[in-house]
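> Starting off with a structure, shown below.
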Amino acid sequence: MATSPISSFKQSKIQTQVHLSRSLIWLFAIASGLSVANVYYAQPLLNALAQDFGIGQAAVGIVITATQIGCALALFLLVPLGDRVNRRYLMIIQLLLLVGALIAVAIAHTAFALLMSMLMVGLLGTAMTQGLIAYAASAAAPHEQGHVVGVAQSGVFIGLLLARVFSGGISDLAGWRSVYLCAAVLMLMIAIPLWRCLPHLTTTSNPLSYARLITSMLTLLREEKILQVRGILALLMFAAFNIFWSALVLPLSAPPYNFSHTIIGAFGLIGVIGALAATWAGKWADQGYAQYTSAAALVILLLAWWPISLMQWSLGILIIGILLLDLGGQALHVTNQSMIFRTRPEAHSRMVGLYMLFYAIGSGLGAISTTVIYASAGWQGVCLLGASVSLLALLFWWMTRRVC
């Protein structure tokens, strides 16, 4: 009887799981946070980039677009490689290439060179981030897999939030090019402990060809119900998340607040508390309570929109809403990944790549829809949209809870 590429690959690959020390788990988190930060450094620098490269204010967003194209290509083309080659060598090679891409951004003197370098930063930064998450999940023993993923994912979220603050601060002190030179130094600094401490995992002696590895992702998506369900939950959750964060700048930069972009960006730091608190979700998933955690996270996500809708009365209430939104979203994200990583241990890299594609689609839909709604219905319209998407996610979970 014929076997699918995935099943034959599963029979030929055995990975060694080890007990991960606390310091190694946090090394995964720090490295993941530093990797993802590279993708977001450009956001506060768009004005400076527009001036230096003669790009119009209306067109400078193409810098972010180039980075996001790199992110999407990484999920399709690079992240799956972790299921085929030695992850330890792959991480170090990608890290060194990422350092080169960061230096290329710092020394770019034409708009074309800048865009190509940014594309490579998005490509390699995303490949490093998601590759490290899959690496940590594969190395962890089953009873601690959720906890390890939770801590590593918290590092990703904190790195994403702090990237904008770091970028703005360094740019104010020494110019935007210094941001990417500092980022290259940080990645080189983390390379040494990664090389010394990353665990060795047994790799297959008869891997799939690269072409079959990529095409097998479609088979995974078709066969794995848990990936389908958790991917749709991620799509809806990240849509709700970006409905808030993409619209927040609009009311806060207008009267009566008139906040600067630096102050508005500081609101994102509140999410660090939620990200750290969400690590409990992984521990609960390890103990068999993933569905309870999912329900709690989705209820918190829905309830967050009530204090968020009261922003015009109190910024303190808004902060409570931000805490709830980040806590619920991160808890669900960690739980989703914990459940996905419990299936197909031979395909962790492909599974996380597919899952993050749902995330990317949700983020894009949320960002696009919220500006349209704000223009026609204001902040209350944004809150109603976010609450509706959150409620839809909760209802979808309820209907599929017995499936996975």
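The values are calculated or read from the model by the stated rules, or taken from the named source; none is laboratory data. Computed from a predicted model, the values in this text were never measured in an experiment. Because the Cβ atoms are built from the backbone with ideal geometry, glycine has one as well, and the counts that use them run over all protein chains shown. Heads up: the accessible areas ignore ligands, DNA and RNA and are worked out on the full protein's heavy atoms, side chains in. Shrake-Rupley method; radii C 1.70, N 1.55, O 1.52, S 1.80 Å.
> Kindly list, by first and then second residue, each pair from a residue in segment 47-69 that is closer than 15 Å to H109 by Cβ and open to solvent by 50 Å² or more (accessible area, probe 1.4 Å) to a residue that is modelled with pLDDT of 85 or more and among the aliphatic types (A, V, I, L, M), limited to pairs with Cβ atoms under 8 Å and residues at least 6 apart or on different chains.
G54/A111
> When residues of segment 301-341 are filtered for being surrounded by fewer than 18 Cβ atoms within 10 Å (Cβ to Cβ) and part of a loop (DSSP other than H, G, I, E, B), how many remain?
The number of residues fulfilling the criteria is 4.
> Residues L96, L115: which one is free of Cβ contacts under 8 Å to residues at least 60 places away in the same chain and farther than 25 Å from S294 by Cβ?
Checking each option against the conditions leaves just L115.
> Something else: Regarding segment 232-253, can at least one residue be identified that is under 20 Å from A137 (Cα atoms) and either in contact (Cβ under 8 Å) with a residue 40 or more places away in the chain or touching a Cys at 6+ places or on another chain (Cβ under 6 Å) (or both)? Spell out how you get there, then give the answer.
Step one: of segment 232-253, the residues under 20 Å from A137 (Cα atoms) are 234.
So of that shortlist, the ones also either in contact (Cβ under 8 Å) with a residue 40 or more places away in the chain or touching a Cys at 6+ places or on another chain (Cβ under 6 Å) (or both) come out as 234.
Within segment 232-253, one or more residues are under 20 Å from A137 (Cα atoms) and either in contact (Cβ under 8 Å) with a residue 40 or more places away in the chain or touching a Cys at 6+ places or on another chain (Cβ under 6 Å) (or both).
> Against the conditions (1) open to solvent by 30 Å² or more (accessible area, probe 1.4 Å); (2) at pLDDT 90 or above; (3) within 30 Å of S209 (Cα to Cα), where does P142 fall short? Just the number, please.
Going through the list (1) open to solvent by 30 Å² or more (accessible area, probe 1.4 Å); (2) at pLDDT 90 or above; (3) within 30 Å of S209 (Cα to Cα), P142 breaks only (2).
> Can you pull out every residue in segment 268-293 that is modelled with pLDDT of 90 or more and under 19 Å from A152 (Cα atoms)? I'd like the intermediate steps shown before the answer.
Going residue by residue through segment 268-293, those that are modelled with pLDDT of 90 or more are 291-293.
If the condition is that a residue be modelled with pLDDT of 90 or more and under 19 Å from A152 (Cα atoms), then T293 is the only one that fits.
> Would you check if T400 is hydroxyl-bearing (S, T, Y) and closer than 22 Å to A304 by Cα? Write out each step before concluding.
Numbers: hydroxyl-bearing (S, T, Y): yes; closer than 22 Å to A304 by Cα: no.
Criteria not met by T400.
> How many of the residues making up segment 203-260 are part of a loop (DSSP other than H, G, I, E, B), surrounded by 18 or more Cβ atoms within 10 Å (Cβ to Cβ) and at pLDDT 85 or above?
1
> Just checking, does segment 112-125 include any residue being crowded, with 21+ Cβ neighbours inside 10 Å, touching a Phe, Trp or Tyr at 6+ places or on another chain (Cβ under 7 Å) and in a helix (DSSP H, G or I)?
yes
> Please enumerate the residues belonging to segment 362-391 that are among the aliphatic types (A, V, I, L, M), surrounded by 17 or more Cβ atoms within 10 Å (Cβ to Cβ) and under 30 Å from G288 (Cβ atoms).
Within segment 362-391, V389 is the sole residue that qualifies.
> With respect to Q291, is the statement that it is touching a residue at least 40 places away in the same chain (Cβ under 8 Å) and surrounded by 23 or more Cβ atoms within 10 Å (Cβ to Cβ) true? It would help to see each step written out before you state the result.
Details: touching a residue at least 40 places away in the same chain (Cβ under 8 Å): yes; surrounded by 23 or more Cβ atoms within 10 Å (Cβ to Cβ): no.
Against the criterion (touching a residue at least 40 places away in the same chain (Cβ under 8 Å) and surrounded by 23 or more Cβ atoms within 10 Å (Cβ to Cβ)), Q291 does not qualify.
> Then there's this: Enumerate the pairs (first residue in segment 361-380 and closer than 14 Å to P251 by Cα and touching a residue at least 24 places away in the same chain (Cβ under 8 Å); second residue anywhere and assigned to a helix (DSSP H, G or I) and open to solvent by 90 Å² or more (accessible area, probe 1.4 Å)) with beta-carbon separation below 7 Å, excluding pairs fewer than 6 apart on the same chain, so at least 6 apart or on different chains.
No pair meets every condition.
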